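Report on the following structure.
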Amino acid sequence: MKIEVLGTGCAKCVALEKVVKEAVAKSGKFAQIEKVDDIMKIMEYQVVSTPGLVIDGKVVSTGKLLSVDEVVALMHGGSEEC
């Protein structure tokens, strides 16, 4: 599983990266976590509001700080409205 946190370094983006790391640890799953701060790559995902969360190439959340439990649910295939 590959998880990407999209954001240019704002407080919410930094916080979401921390939440994602906690969620991966809680889930017990193996996941590659990547912080994406290149605005051109973020735009490729058509994300206009950061932070964005991408799991296995699919944008699952934009513009808000998720909880650990919300990220775990998304990792298990749940859906979050963008």
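Of the residues examined, S61 is not one that is in a loop (DSSP other than H, G, I, E, B) and either over 12 Å from the mean Cα position of the chain (by Cα) or not aromatic (F, W, Y) (or both). Checking each residue in segment 42-57 for being surrounded by fewer than 21 Cβ atoms within 10 Å (Cβ to Cβ) and in a loop (DSSP other than H, G, I, E, B) picks out Y45, Q46, V48, S49, D56, G57.
Residues in segment 16-51 that are farther than 18 Å from A73 by Cα and aliphatic (A, V, I, L, M): 7 in all. Scanning segment 17-40 finds no residues that are in contact with a Pro (Cβ under 7 Å, 6 or more places away or on another chain) and surrounded by 13 or more Cβ atoms within 10 Å (Cβ to Cβ). Evaluate segment 58-81: report whether one residue or more is in contact (Cβ under 8 Å) with a residue 12 or more places away in the chain and at positive phi. Within segment 58-81 (the criterion being in contact (Cβ under 8 Å) with a residue 12 or more places away in the chain and at positive phi), the answer is yes, since at least one residue qualifies.
Considered as a group, the residues in segment 23-54 that are of a type in the set (G, A, S) and in contact with a strand residue (DSSP E or B) (Cβ under 7 Å, 6 or more places away or on another chain) include one that is nearest to E4 (Cα to Cα), and that residue is G52. Scanning segment 1-41 for residues that are in contact with a Ser or Thr (Cβ under 6 Å, 6 or more places away or on another chain), free of Cβ contacts under 8 Å to residues at least 40 places away in the same chain and part of a loop (DSSP other than H, G, I, E, B) yields one hit, D37.
Throughout, read-outs are computed from the coordinates displayed, never taken from laboratory work. The structure presented is a predicted model; accordingly, all values stated were derived computationally and were not measured. Reconstructed Cβ throughout: ideal geometry from the backbone, glycine too, with neighbour counts over all protein chains shown.
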